[in-house]
1. Take every Cα pair under 8 Å in segment 1-110 that's 6+ residues apart, average their separations, divide by the length, and report that relative contact order as a whole percent.
2. Compute the semi-axes of the equivalent ellipsoid of segment 1-49, taking the square root of 5 times each eigenvalue of the Cα gyration tensor, and list them largest first in whole Å.
3. Which values of log₁₀ I(q)/I(0), to two decimal places, follow from the Debye formula for segment 60-171 at q = 0.10, 0.13, 0.18, 0.21 Å⁻¹ with a uniform point scatterer at every Cα?
4. In µm²/s, what is D for segment 23-70 at 37 °C and 0.692 mPa s, where D = kT/(6 pi eta Rh) by Stokes-Einstein and Rh is the Kirkwood radius from Cα pairs?
5. Roughly what percent of Cα-Cα pairs across segment 1-128 reach past 20 Å?
6. At most 16 other Cβ atoms within 10 Å and a DSSP loop assignment: could you name the chymotrypsin sites (Phe, Trp or Tyr not before Pro) in segment 1-98 that fit?
7. Ignoring ligands, DNA and RNA, what accessible area per residue does segment 15-83 give at 1.4 Å, in Å²?
Amino acid sequence: MGFECLPYIVALFSSTLWLYYAFLKGDALLLISINSFGFAIETVYITLYLVYASKNIRYNTIKLLSLLDVAVFAIIFLLSYFIFDGNIRVNVVGWICVAVSVCVFAAPLSIVFQVVRTRSVEFMPFFLSFFLTLSAVMWFAYGVLQKDLCIALPNVLGFALGLVQMLLYGIYRKSKPVVIEEKKLPEHVMNIKFLGTPEVHPVDSKTCENFEDKKEKKDEEICAINLEMEPCSPLKVQKDAPTLIVCAA
């Protein structure tokens, strides 16, 4: 129904990285608590997505989950832990968290484009946009008070995108949705000629001289005579269209 797995997977990746950053920084109880909750709830979302997804989508989701949330995080953890020390390690992981958080805030842009294209706010609830905006404001204030640029900076973008979403909701909440018509497949045309007995005889579109079995041709002629019809009259049909003679009592 238009939902994709990427926002959930990126959000889980972001929560994992912020947990790692919080443990490296120390004395960051709020970061640990909120991202632990985020890790748990995103795991539930992805699990439900895998349960109800089709086979191909489930395979692609598992592949993306393994690549980003397992392999990439493992690489970041190993490189930062064994190459950098002390505050340098904290800063490197922090700026990586900033980049990922920007991706998380940018993920709803696809929904924004869909709202503009369809003029429907079905997949962009107002309260979701409102609380995301409020959350960005509060975390920005927290980052400023803690003098932590890695926390404050990405929430500036979150606040801006939240305002855009609420503005679009106000514009399109009463608009009539645009229905996007799907292309129909070409229909197969079959010409049918009704005679009078419960028998079906395939005939050529130009003449009925192509009956291979004489008995079938004789039965067709008798049927046509009883109905006072011409037994071998040409049929006008569409080019390359198969034709059936249907004799119904």
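1. On the way: 72 pairs, mean separation 45.8, N = 110.
This gives 42 percent for segment 1-110.
2. On the way: eigenvalues 121, 18, 8 Å².
The answer is 25, 10, 6 Å, longest axis first.
3. Treating every Cα as an identical point scatterer, log10 I(q)/I(0) equals -0.40, -0.65, -0.98, -1.09.
4. 264 µm²/s
5. Values: 4233 of 8128 pairs.
Value for segment 1-128 (Cα pairs over 20 Å): 52 percent.
6. Here the chymotrypsin sites (Phe, Trp or Tyr not before Pro) that fit, given the DSSP loop and packing criteria, are Phe3, Phe84.
7. Values: 4460 Å² over 69 residues.
On a per-residue basis, segment 15-83 sits at 65 Å².
The values are calculated or read from the model by the stated rules, or taken from the named source; none is laboratory data. Quick caveat, the model's predicted, so the values are computed rather than measured. With ideal geometry, Cβ positions are generated from the backbone for all residues, glycine too; neighbour counts draw on all protein chains shown. Protein only, heavy atoms only, side chains kept; ligands, DNA and RNA dropped before computing areas. Shrake-Rupley method; radii C 1.70, N 1.55, O 1.52, S 1.80 Å.
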